[in-house]
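The values are calculated or read from the model by the stated rules, or taken from the named source; none is laboratory data. Note that the coordinates shown come from a computational prediction; the quantities given were computed from them, not determined experimentally. So basically every Cβ, Gly included, is an ideal-geometry build from the backbone, and we count neighbours across all protein chains shown. Surface accessibility is based on the protein's heavy atoms, side chains included, excluding ligands, DNA and RNA. Shrake-Rupley method; radii C 1.70, N 1.55, O 1.52, S 1.80 Å.
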Amino acid sequence: MAKSPWSEPVAQALRADGIELAALHPSATPGFEGGKAAGARLLAERSRVLSDLQEKLFANGRSGDSRSVLLVLQGMDTAGKGGIVRHVIGSVDPQGVDHAAFGVPTPAEKRHHYLWRIRKQLPRGGQIGVFDRSHYEDVLVVRVHNLVPPEVWSTRYDEINEFERELVDAGTTLVKVAMFVSLDEQKKRLARRLDRRDKYWKFNPADIDERGFWPAYREAYQAMLDRTSTAHAPWYVLPADRKWFSRLAVTELLIDALSGLDLDWPPARFDVEEQKRRLAAS
Ligand code: ADP
């Protein structure tokens, strides 16, 4: 068998425990010893494994299994959350995916507790849920821009841990991925959006203002990792300057999560031989 290009399991290489964001290299590829070409080849292969596992999860869901997987993606603008949705989640059957993106809360959402809109989008049994941003915005953008007072946001870490405990107990495996792009790479990605007519729709002038808040965001992200990376719902820290690595790493994390469910094909709920006889005679 060919030697694996991974020097350690991805879940271990990206585990958030004890990480110092100030020392993170966004262009690193922790645990992966190959380059871009090897990464792309492996991604094609591993996407098929992911797709097979997802079909099994879906089949079990159809047979009444209430378990699900929820991928939570957090990251600054241009970190590549959309690319993960398109390229990683795009490789599995869309009927098995519950996707939700969370932007600035609508007036109706603002009238409720911040977890209200999150609860409404939780994946059903048999589904892979994908959150493009999430309840964590309520301890990130909200903290950085003082959208609520500190005594309000500071209670949310424990509340989120309890909320996620509930989800896990109900059969959801959480895969939380925080994506970090360097300020230089972000500048390049934003410049590309301004250079191309087909990218204007992705550009938001406010993204440039947010760059000035990076130190405050780093502090908020650090607090999020320190306080909400739990045994039941750990965070993974993904250096995101190299898109091919981001996609490969998230694919592996999802394969890990699905493999952990120990899925098999659900047994037939009918007598197979009898149905074969009936079909032959029809
Ligand atoms: P994107 O920029 O990811 O393509 P949108 O423009 O629809 O998506 O919305 C994202 C914006 O919504 C981000 O600036 C994000 O910080 C903001 N946002 C998300 N959740 C909240 C929240 N709970 N409170 C305030 N702003 C939020």
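Do we find that Arg67 is of a type in the set (Lys, Arg), on the phi < 0 side of the Ramachandran plot and at pLDDT 95 or above in this structure? Explain how you work it out, then say what you get.
Values: of a type in the set (Lys, Arg): yes; on the phi < 0 side of the Ramachandran plot: yes; at pLDDT 95 or above: yes.
So Arg67 passes the test.
Taking the range 1-108 and the helices (runs of 4 or more DSSP H) fully enclosed by it, no element has 3 or more residues that are free of Cβ contacts under 8 Å to residues at least 24 places away in the same chain and closer than 30 Å to Val144 by Cβ.
Evaluation of Val237 against the conditions (1) open to solvent by less than 20 Å² (accessible area, probe 1.4 Å); (2) among the aliphatic types (A, V, I, L, M); (3) in a loop (DSSP other than H, G, I, E, B) shows that the sole unmet condition is (3). Can you tell me which residue within the range 81-105, out of those that are buried (at least 17 other Cβ atoms within 10 Å of the Cβ) and within 11 Å of the ligand (Cβ to nearest atom), is nearest to Leu21 (Cα to Cα)? For the range 81-105, the residue satisfying everything is Lys81.
Out of the range 154-167, which residues are open to solvent by 40 Å² or more (accessible area, probe 1.4 Å) and either within 15 Å of the ligand (Cβ to nearest atom) or not small (Gly, Ala, Ser) (or both)? Spell out how you get there, then give the answer.
Just the residues of the range 154-167 that are open to solvent by 40 Å² or more (accessible area, probe 1.4 Å), to begin with: 154-155, 158-159, 162, 165-166.
Of everything in the range 154-167, those that are open to solvent by 40 Å² or more (accessible area, probe 1.4 Å) and either within 15 Å of the ligand (Cβ to nearest atom) or not small (Gly, Ala, Ser) (or both) turn out to be Thr155, Asp158, Glu159, Glu162, Arg165, Glu166.
So which residues in the range 117-133 are within 8 Å of the ligand (Cβ to nearest atom) and over 25 Å from Lys56 (Cα atoms)? If you could, list the steps in order and put the result at the bottom.
Keep residues of the range 117-133 that are within 8 Å of the ligand (Cβ to nearest atom), which gives 132-133.
The one that is within 8 Å of the ligand (Cβ to nearest atom) and over 25 Å from Lys56 (Cα atoms): Arg133.
With the requirement that a residue be part of a loop (DSSP other than H, G, I, E, B) and surrounded by 14 or more Cβ atoms within 10 Å (Cβ to Cβ), what does the range 172-215 give you? Matches in the range 172-215: Val181, Ser182, Phe203, Phe213.
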